[in-house]
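*Asks:* Have a look at this one.
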Ligand code: C2E
Ligand code: MG
Ligand code: MG
Ligand code: MG
């Protein structure tokens, strides 16, 4: 990838695939040390009640503060962590740290019901000790199980449905909530969906992204909200960026929203500042009024 610098310079040819392979090898090597070198960071993004504007949950989103490469987003290192198995210790750290952070916020800011949502990877979900781990963490931290939500994708849920059924039932008995992340992008069989003990569907950002009153893309979102409510599930819309999207979601009676319209994922310091200042966003009615 040497740039052509003029007529008399050679351009070295390096196939893109090798560049990618060596980049991921470099990442893989340093990912082994990321945990012990304390390079992982959790950012938190609020999930907001659509009628009251109240922050009811904070989703924990992992980042890697690499000493040379800067802040690396999860999509660039979680697949490597999955492949190498490093996701198991990393996931355990994330779960424990996010639960502890939630407990800190609850205590310091009098937010007894604030919930933290943590993403689980396929490999983590299949760990035989997952249930033990979750209950041990809750016990150690003295966090109310109702204040922990675990997010899994449709493909994780559908991979081995009898195992899923068993794990989710146990988590449910413990009092932990489950949400299905990126809903609508996978292949979750509706008959299984009906039987899984879950609490919440998160509509994928790709459907929320082109929601406008005029646009028939609302058809998919409408269908998902109707389905969720028919199954007694709460709906979270991911990636809400505009007032217009908010307005459609309000008409559809979607319960919670998450997106840049309210807040980007925040560092612990910024998230704490936000919660300290106010736990309620002002939900504007202006667009609604303007259209009537
Ligand atoms: P996700 O769980 O679906 O998280 C939502 C993603 O959408 C986050 O990206 C968030 O920053 C982004 N987002 C939120 N609101 C908006 C918006 O209004 N507009 C746009 N354009 N984007 C928005 P992020 O943090 O890069 O995370 C990407 C994915 O990485 C997550 O998707 C999740 O699947 C995975 N991930 C993150 N943290 C963890 C973790 O601790 N464990 C595991 N297994 N996966 C994680
Ligand atoms: Mg998620
Ligand atoms: Mg998602
Ligand atoms: Mg996603």
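*Asks:* Quick one: residue 102 ticks every box in (1) within 22 Å of residue 257 (Cα to Cα); (2) at pLDDT below 95; (3) part of a helix (DSSP H, G or I) bar one, so which box is it?
*Replies:* Only one criterion in (1) within 22 Å of residue 257 (Cα to Cα); (2) at pLDDT below 95; (3) part of a helix (DSSP H, G or I) is unmet by residue 102, namely (2).
Per-residue answers, yes or no, for (1) away from ligand 4 (no atom under 16 Å from the Cβ); (2) within 20 Å of the chain's Cα centre (by Cα); (3) within 30 Å of residue 251 (Cβ to Cβ):
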{"residue": "27", "(1), (2), (3)": "yes, no, no"}
{"residue": "52", "(1), (2), (3)": "yes, no, yes"}
{"residue": "78", "(1), (2), (3)": "no, yes, no"}
{"residue": "89", "(1), (2), (3)": "yes, yes, no"}
{"residue": "94", "(1), (2), (3)": "no, yes, no"}
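*Asks:* Which number in (1) in contact with a helix residue (DSSP H, G or I) (Cβ under 8 Å, 6 or more places away or on another chain); (2) assigned to a loop (DSSP other than H, G, I, E, B); (3) without any contact (Cβ under 8 Å) to a residue 40 or more places away in the chain marks the one condition that residue 260 misses?
*Replies:* So residue 260 meets the others, but not (1).
*Asks:* Residues that are surrounded by fewer than 17 Cβ atoms within 10 Å (Cβ to Cβ) and within 16 Å of ligand 2 (Cβ to nearest atom): which helices (runs of 4 or more DSSP H) entirely in segment 123-182 hold 1 or more of them?
*Replies:* On the way: elements: 130-141, 154-159, 161-174.
Once the helices (runs of 4 or more DSSP H) in segment 123-182 are filtered for at least 1 residues that are surrounded by fewer than 17 Cβ atoms within 10 Å (Cβ to Cβ) and within 16 Å of ligand 2 (Cβ to nearest atom), what remains is 154-159.
*Asks:* Which of (1) within 16 Å of ligand 4 (Cβ to nearest atom); (2) part of a helix (DSSP H, G or I); (3) under 17 Å from residue 256 (Cα atoms); (4) free of Cβ contacts under 8 Å to residues at least 40 places away in the same chain does residue 223 not meet, given it meets every other one?
*Replies:* With (1) within 16 Å of ligand 4 (Cβ to nearest atom); (2) part of a helix (DSSP H, G or I); (3) under 17 Å from residue 256 (Cα atoms); (4) free of Cβ contacts under 8 Å to residues at least 40 places away in the same chain applied to residue 223, the lone miss is (1).
*Asks:* Can you tell me which residue among 148, 143 is more than 16 Å from ligand 3 (Cβ to nearest atom), touching a strand residue (DSSP E or B) at 6+ places or on another chain (Cβ under 7 Å) and either closer than 28 Å to residue 103 by Cβ or without any contact (Cβ under 8 Å) to a residue 24 or more places away in the chain (or both)? Please lay out each step first, then the result.
*Replies:* On the way: 143 fails: touching a strand residue (DSSP E or B) at 6+ places or on another chain (Cβ under 7 Å).
After applying the criteria, what remains is 148.
*Asks:* Next question, about the same structure. When you scan segment 80-92, how many residues do you find that are more than 16 Å from ligand 2 (Cβ to nearest atom) and closer than 12 Å to residue 119 by Cα?
*Replies:* Of all residues in segment 80-92, those more than 16 Å from ligand 2 (Cβ to nearest atom) come to 80, 83-86, 88-89, 92.
Next cut, closer than 12 Å to residue 119 by Cα only: 92.
Adding up the residues that qualify gives 1.
*Asks:* So, one more: Does segment 239-247 contain at least one residue that is under 20 Å from residue 115 (Cβ atoms), modelled with pLDDT of 95 or more and crowded, with 17+ Cβ neighbours inside 10 Å? Break it down stepwise before answering.
*Replies:* As a first pass, look at segment 239-247 and keep what is under 20 Å from residue 115 (Cβ atoms): 239-240.
If we keep only those that are modelled with pLDDT of 95 or more too, we end up with 239-240.
Pick out the ones that are also crowded, with 17+ Cβ neighbours inside 10 Å and you get 239-240.
The answer is yes; a qualifying residue exists.
*Asks:* Also: What is the residue count in segment 28-76 for residues that are in a helix (DSSP H, G or I) and within 16 Å of ligand 3 (Cβ to nearest atom)? Steps first, answer last, please.
*Replies:* First, pick out the residues of segment 28-76 that are in a helix (DSSP H, G or I): 28-34, 74-76.
Keeping just the survivors that are within 16 Å of ligand 3 (Cβ to nearest atom) gives 74-75.
Residues in segment 28-76 being in a helix (DSSP H, G or I) and within 16 Å of ligand 3 (Cβ to nearest atom): 2 in total.
*Asks:* Between a first residue in segment 180-191 that is closer than 15 Å to residue 59 by Cβ and at pLDDT 90 or above and a second residue that is within 12 Å of ligand 4 (Cβ to nearest atom) and part of a helix (DSSP H, G or I), which pairs have beta carbons less than 7 Å apart while being 6 or more apart in sequence or on different chains?
*Replies:* 180/154; 183/154
*Asks:* Can you name the residue in segment 183-213 that is part of a loop (DSSP other than H, G, I, E, B) and within 14 Å of residue 246 (Cα to Cα) and is also nearest to ligand 4 (Cβ to nearest atom) among such residues?
*Replies:* Taking segment 183-213 and keeping what is part of a loop (DSSP other than H, G, I, E, B), we get 184-189, 196-199, 204, 209-213.
Imposing the further condition that a residue be within 14 Å of residue 246 (Cα to Cα) reduces the set to 209-213.
Numbers: 209: 12, 210: 17, 211: 17, 212: 22, 213: 26 Å.
That would be 209.
The values are calculated or read from the model by the stated rules, or taken from the named source; none is laboratory data. Note that the structure is predicted; figures quoted are calculated from it, not measured. FYI the Cβ positions are ideal-geometry reconstructions off the backbone, even for glycines, and counts take in every protein chain you see.
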